[in-house]
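Take a look at the structure below.
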Amino acid sequence: MGRFKNNKKGRVNVKPIAMKKNNQANVDHVTGDKIPKSFVFSRTKLPASVKQLQMDLRKLMLPYTALSLKEKKRNTLRDFLNVSGPMGVTHFLMLKKTASALSLRVARTPQGPTLTFKIHQYSLASDIAQSQLRPRCPPDLFKNPPLIVLSGFGTQELHLKLATIMFQNIFPAIDINTVKLSTCQRLVLLNYNKDTKLIDFRHYSIRLQPVGVSRRLRKFVEKHEVPDLRNLQDVSDFVTKAGYGSESEGDEEAATVTLSSDLGRVNRGSTKSAVKLQEIGPRMTMQLVKVEEGLCSGGIIFDESENGDEKIAKKKQNEDGEEEEGEEGSEEEEEGEEGSEEEMDEDLE
């Protein structure tokens, strides 16, 4: 009877990925492939701040992620892999905290590759909200996946190409001809600096504001709140008076677009609207340090530490070569001086 033992040690408690069967299909209508879904988890015990960063990443990956994923210390990577297959999970995001560094692994299931990033700095979504005068986080903001924008990744290096492909496929693709403007509410920006080799990770909310409309009037149309007219002489004062000084400045600085269709009660088709981005977090500054062929295993395609050692060794070799050339040159000069002295002695004789 031993072989029928019920082994519960390796089970992972997962709440089904929150999605409506009728509204969200499992197949991407643009690529024809299954919609990418993700697990965000850790395989080590995390401090409170990093644990909150993990929750912020889960919210960022909504709606195609397991927001209530509960991992246990005894769970192995194989346990998560066994659960991910039936649920259609395509990507793993794994945080790891050691005494010296914090890292994020982004892996494609079930066979890899795996990209490891060293997180140099990070800010939580709550930190971003506290730094803003008017933080914006409407309840329907996470009903649709974010747009992805990659900047500075146009290079021929293999590890950056793999990073580009990984991030492009971690969110569903969009068709600019059929996409609904109401679904484009968030943006994930990754900017690569080739000089420092650092990647700036930012998460924004997208909002449109009609150009030339005061804050008071826009608030009245959107929320249907009865305005306070006690201090006004006429209703026209409420319409013509500007809401805040910074509002008109924001319209001039922001990029303006002409909408093809109506969006909400205020933004109408064929009218100009200002596109504004407001950061909602989390924010990270990270560096790609390793690329593996498999799922956290296999051959190493790229290793930043090895590349750094090779560069140092090559630089040292070049310096040694220059020193040897300098010594050889000085020896030749000494021999030349000795020869000239001998010739002078012969002439004197």
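What follows is calculated from the coordinates using simple rules that are stated; it is not laboratory data. A quick note: this is a predicted structure, and the numbers were derived from the prediction, not measured. Quick reminder, even Gly has a Cβ in these numbers, built from the backbone with ideal geometry, and neighbours come from all protein chains shown.
A few points about this structure:
- Looking across the stretch 172-198 at every residue that is polar (S, T, N, Q) and closer than 14 Å to Met286 by Cα, the one that is surrounded by the fewest Cβ atoms within 10 Å (Cβ to Cβ) is identified as Thr196.
- Residues of the stretch 30-56 satisfying the condition of being surrounded by fewer than 21 Cβ atoms within 10 Å (Cβ to Cβ), farther than 19 Å from Pro86 by Cβ, in contact with a strand residue (DSSP E or B) (Cβ under 7 Å, 6 or more places away or on another chain) and not polar (S, T, N, Q): Arg43, Leu46, Pro47, Val50
- Residue match in the stretch 150-158 (condition: among the aromatic types (Phe, Trp, Tyr) and part of a loop (DSSP other than H, G, I, E, B)): yes
- Residues located in the stretch 91-125, provided they are touching a Gly at 6+ places or on another chain (Cβ under 8 Å), in a strand (DSSP E or B) and farther than 21 Å from Gly281 by Cβ: Thr114
- Of the residues making up the stretch 74-107, those that are surrounded by 15 or more Cβ atoms within 10 Å (Cβ to Cβ), under 20 Å from Ile199 (Cβ atoms) and touching a strand residue (DSSP E or B) at 6+ places or on another chain (Cβ under 6 Å) are His91, Phe92, Leu93, Met94, Leu95, Lys96, Leu102, Ser103, Leu104, Arg105, Val106, Ala107.
- Test: residue in the stretch 126-136 that is surrounded by fewer than 18 Cβ atoms within 10 Å (Cβ to Cβ), touching a residue at least 24 places away in the same chain (Cβ under 8 Å), assigned to a loop (DSSP other than H, G, I, E, B) and of a type in the set (Gly, Ala, Ser): no
- Hits in the stretch 57-73 (condition: surrounded by 12 or more Cβ atoms within 10 Å (Cβ to Cβ) and either in contact with a Cys (Cβ under 9 Å, 6 or more places away or on another chain) or not in a loop (DSSP other than H, G, I, E, B) (or both)): Leu57, Arg58, Lys59, Leu60, Thr65
- Restricted to the stretch 42-56, and to residues there that are hydrophobic (A, V, I, L, M, F, W, C) and under 13 Å from Leu102 (Cβ atoms), the residue that is nearest to the chain's Cα centre (by Cα) is Leu53.
- Enumeration of residues in the stretch 162-177 that are part of a helix (DSSP H, G or I) and over 15 Å from Gly112 (Cβ atoms): Thr164, Phe167, Gln168
- When residues of the stretch 139-171 are limited to those that are touching a residue at least 60 places away in the same chain (Cβ under 8 Å) and over 15 Å from the mean Cα position of the chain (by Cα), the one surrounded by the fewest Cβ atoms within 10 Å (Cβ to Cβ): Leu158
- Close contacts from the stretch 72-100, counting a first residue that is more than 20 Å from Leu53 (Cβ to Cβ) and a second that is assigned to a strand (DSSP E or B) and among the charged types (D, E, K, R), with Cβ to Cβ under 8 Å and a gap of 6+ residues or different chains, come to Gly88/Lys34; Thr90/Lys34; Thr90/Arg108.
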